[in-house]
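The numbers here are math on the coordinates, done by the rules we state, and not lab data. Every value quoted in this text rests on a predicted model; they were computed, and no experiment measured them. Neighbour counts run over all protein chains shown; Cβ positions are idealised from the backbone, glycine included.
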Amino acid sequence: MTKKEVREKYGEKRRFIERNIVSLFSGKIREVLLENFDFEGKNVSLFTSLESKNEVNTWHFFNLSKVNVYAPVMKANNTLQHIQISDNTEWEENNWGIKEPVSGAQISPDKFDFVIVPLLAADKRGYRTGYGGGYYDRFLAQCPKNCVFIGVGFYDLIDEIEDVNEFDVPLHFYAQPEKLTKF
């Protein structure tokens with residue numbers, strides 16, 4: 001399956017998930033993460049989910065007093081800048097409807113311990129397909145070698161994304177409701 005085919009098929013599948021199922025599955029994914037990883041005191045990149053696209057709801061994944069959580073801000077040069085979030089963070093929607101923190105402490109990519117990665121689908125080798133902007137692949141390539149990349153999604157792994165290229169960065173883990181896969 002090509003990335004374009006993945007985007008079409010899994011974008012369509014997600015369109016028809018009921019909100020209560022998204023909420024239930026997101027909670028189960030959160031449980032899988034917290035049972036398998038020690039995030040306390042670590043620097044974690046956490047994408048802000050888009051409700052309109054039925055993405056895994058990440059808004060309440062972590063206790064902000066115990067984990068240093070940073071949310072991405074999409075920059076004009078197709079890169080991500082990360083800003084620390086807290087209970088007092090002010091948010092603003094960007095042109096794609098994604099909520100981004102307005103201000104806060106910034107962190108460079110080489111300081112992350114974990115990255116929770118958005119995706120439409122992933123394959124059995126750990127490669128993922130997102131929306132096609134390349135933001136996350138550029139960001140992941142800048143993270144330290146010991147940083148753990150965890151994709152989160154609702155669907156089983158597909159056999160293979162056929163058109164993976166040298167710029168695609170594979171995941172280390174894939175968390176779905178009640179299941180964690182290590183690559």
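Overall, region 47-153 carries a charge dipole of about 460 debye about its Cα centre when +1 sits on the Cβ of Lys and Arg and -1 on the Cβ of Asp and Glu, all other atoms neutral. A full extension of the chain between L34 and R7 corresponds to an added length of 6.9 nm, given 0.36 nm per residue minus the alpha carbon distance. Taking every DSSP beta bridge that has both residues in the chain, what percent is antiparallel when rounded to the nearest 5? Antiparallel bridges make up about 55 percent of those DSSP assigns within the chain. Within the shell defined by Cβ-Cβ distances under 14 Å, the residues around V56 carry a net charge of +4, with Lys and Arg each +1 and Asp and Glu each -1. Think of each Lys and Arg Cβ as +1 and each Asp and Glu Cβ as -1; about the Cα centre, that makes the dipole of the chain roughly 60 debye. In this rough spin-label picture, where each label sits 7 Å from Cα along the Cβ direction, the D159-R125 distance is 1.4 nm.
Summarising the amide proton neighbourhood of A121: residues at separation of 5 or more, or on other chains, whose placed amide H is nearer than 5 Å comprise T129. If you take the Cα centroid of region 124-183 and the Cα centroid of region 1-58, the two points sit 13 Å apart. When the P(r) is computed for the chain, the part past 27 Å accounts for 21% of the Cα-Cα pairs.
Residue-wise HN-Hα couplings along region 160-169, as the Karplus relation 6.51 cos²θ - 1.76 cosθ + 1.60 with θ = phi - 60° gives them from phi, are 7, 8, 6, 9, 5, 10, 5, 8, 6, 10 Hz; Gly and Pro carry x. Applied to region 173-183, the Karplus parametrisation 6.51 cos²θ - 1.76 cosθ + 1.60 on θ = phi - 60° returns per-residue 3J(HN,Hα) values of 9, 10, 9, 9, x, 6, 8, 10, 10, 9, 9 Hz, with x for Gly and Pro. Each residue of region 89-106 was assigned a 3J(HN,Hα) from its phi angle through the Karplus curve 6.51 cos²θ - 1.76 cosθ + 1.60 (θ = phi - 60°); the sequence is 4, 8, 10, 9, 7, 8, 5, 9, x, 8, 6, 10, x, 7, 8, x, 5, 9 Hz, with glycine and proline shown as x.
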